[in-house]
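Here's the structure we're looking at; comments come further down.
All of the numbers you see were taken from the coordinates with simple rules; none came from a lab. Note that the structure is predicted; figures quoted are calculated from it, not measured. All Cβ positions, even for glycine, are placed from backbone atoms using ideal geometry, and neighbour counts span all protein chains on display.
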Amino acid sequence: MEKLLEILEDIQPDADYATCTTLIDDGILDSFAILSIVGELEEQLGVEVSPADIIPANFNSAQALWDMVQRLQG
């Protein structure tokens, strides 16, 4: 989770990833940020994010992202 938070902070430093659960719903992360996150997850965490995984529910919070990463690694 720590590495994920570093990735998120690098891409969008002004968001509160510890508590925010509406990163997509509130427009905090835009499509460019999502694509950047996907690229970093694939490169740094070794997961393959398919187009089917790129849905708001997987990107609305750091925890949702981490859950997706865990699922993809398993």
(message) When you scan segment 48-56, do you find a residue that is under 16 Å from residue 6 (Cβ atoms) and surrounded by 12 or more Cβ atoms within 10 Å (Cβ to Cβ), even just one?
(response) no
(request) Being assigned to a helix (DSSP H, G or I) and buried (at least 17 other Cβ atoms within 10 Å of the Cβ) is the filter here, so list the residues in segment 1-28 that pass it. (result) 4, 7, 8, 11
(request) Please go through segment 29-46 and pick out each residue that is assigned to a loop (DSSP other than H, G, I, E, B) and surrounded by fewer than 17 Cβ atoms within 10 Å (Cβ to Cβ). (result) 30, 46
(message) Cβ-Cβ under 8 Å, sequence separation 6+ or interchain: first residue in segment 1-15 and within 16 Å of residue 39 (Cβ to Cβ), partner part of a loop (DSSP other than H, G, I, E, B) and of a type outside the set (S, T, N, Q). Which pairs?
(response) 8/15; 8/17; 9/17; 12/28; 12/29
(request) Consider residue 52 carefully, then state whether it is under 12 Å from the mean Cα position of the chain (by Cα) and assigned to a helix (DSSP H, G or I). (result) no
(message) I need the full set of residues from segment 9-61 which are among the acidic types (Asp, Glu) and under 17 Å from residue 73 (Cβ atoms), in order please.
(response) 40, 42, 43, 48, 53
